[in-house]
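Report on the following structure.
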Amino acid sequence: MTDETHMTSSQNNQLSLEMIETRCTLCGSSNDKLLFEKEGFRHVCCQTCGLVYVNPRLKFHKDFQTVSGTGSMGDDQLSRLQILRICKELSMLDNYRKLNRILEIGPGKGWFLSIAKLVGWETWAMEINLDAIENLKRKNINNIITSGSVISGSGHESFDVIRMWDVIEHLEWPRALLEEIFNSLRSGGLLRLSTTNINSLSRMVNGPEWVYLNGSDHIVLFDPVTIDKLLKLVGFRRIRIRTRSFNLRRKLYHPEREIKVKFHPLRPFRKIIDETIKFTNFGHQMIVDAVKEA
Ligand SMILES: [Zn+2]
């Protein structure tokens, strides 16, 4: 592993690239098997429960998230279609609206919370990235938990809905955060999350070159089976998992290291696959709804 490979900003240069051995966040086992290595990061599969994760991972992984953020924080402006999608989602979330409090963990540019606030929700954010925190303040999202736990920032059973979009794959210990989320939701409250699907057709076709495999950022990689196991273990019931999207992009997650897309026999069919894969469990984005039953 070299500095050139893993550093994306001058701030990152101040952080150590020391690696640390870890274990499975789902079942606690240390019995893992190497699947492949990419850019110096070993991607392993837990031999007990099947979870895929990066081991060893960067010791200061969380600090990297704080200063540089990872991947996309979202768009600077929303399209009409994106606004409509958020409105549609908020309309569905009205079914859970009793306390009128919603929390988004890792809200990035804060568009979802801004629109939620417009329609009357008391909006909360949990965010560690310094740029994102400034962004939220500019959008008048002022209930921001910047450190500690969800509960220490907001109290037990205080939210109707907790949303976590493309965040869980960045966490060192997803199970610990999900337990906090469970305790922070009121009975009957909803956790809504999205994450990439390691068992997707896009990943099978692209192998280790799959765009979302980026061991410095995405350190825990779920599929419909493992996310369902983890949510049940934490106590959630009525878990609904959908998947969507297929693409052949092999561009690395960091745009400065883009590699050329090669020809693939599925390329002529990619649009039709993209439109129909939502009827299967093999789309590369998972959208998960999990209820804390009363
Ligand atoms: Zn495991």
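The values are calculated or read from the model by the stated rules, or taken from the named source; none is laboratory data. Nothing here was measured: the structure is a model prediction, and the numbers come from that model. Virtual Cβ from ideal backbone geometry, glycine too; neighbours counted across all protein chains shown.
Rundown of residues vs (1) touching a Phe, Trp or Tyr at 6+ places or on another chain (Cβ under 7 Å); (2) part of a strand (DSSP E or B); (3) at pLDDT 90 or above; (4) closer than 30 Å to MET92 by Cα, yes/no style:
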residue	(1), (2), (3), (4)
THR195	yes, yes, yes, yes
ARG203	yes, no, yes, no
LYS232	no, no, yes, yes
ILE239	no, yes, yes, yes
LEU248	no, no, no, no
GLU256	no, no, no, no
HIS264	no, no, no, no
ASN281	no, no, yes, yes
VAL288	no, yes, yes, yes
Scan region 215-230 residue by residue and report those that are at pLDDT 90 or above and of a type in the set (Asp, Glu).
ASP223, ASP228
Can you tell me which residue in region 144-172 is farthest from the chain's Cα centre (by Cα), limited to those that are of a type in the set (Ser, Thr, Tyr) and part of a loop (DSSP other than H, G, I, E, B)?
SER158
Would you confirm, using the coordinates I've provided, whether GLU179 is of a type in the set (D, E, K, R), under 24 Å from PHE60 (Cα atoms) and in contact (Cβ under 8 Å) with a residue 60 or more places away in the chain?
no
Need pairs with beta-carbon distance below 6 Å; first residue closer than 13 Å to SER29 by Cβ and within region 41-55, second of a type in the set (Ser, Thr, Tyr) and more than 10 Å from the ligand (Cβ to nearest atom); sequence gap 6+ or separate chains.
ASN55/THR22
Residues that are in contact with a strand residue (DSSP E or B) (Cβ under 8 Å, 6 or more places away or on another chain) and of a type in the set (A, V, I, L, M, F, W, C), drawn from region 198-248:
ILE198, LEU213, ILE219, VAL220, LEU221, PHE222, ILE227, LEU231, PHE236, ILE239, ILE241
Hey, does region 32-44 have a residue that's under 23 Å from LEU177 (Cα atoms), modelled with pLDDT of 95 or more and either away from the ligand (no atom under 16 Å from the Cβ) or more than 21 Å from the chain's Cα centre (by Cα) (or both)?
yes
Looking at (1) part of a strand (DSSP E or B); (2) buried (at least 20 other Cβ atoms within 10 Å of the Cβ), which is the one condition that is false for TYR212?
(1)
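If I ask for residues that are surrounded by fewer than 24 Cβ atoms within 10 Å (Cβ to Cβ), of a type outside the set (D, E, K, R) and under 19 Å from TYR53 (Cα atoms), which ones from region 197-209 would you list?
Result: ASN199, LEU201, MET204, ASN206, GLY207, PRO208.
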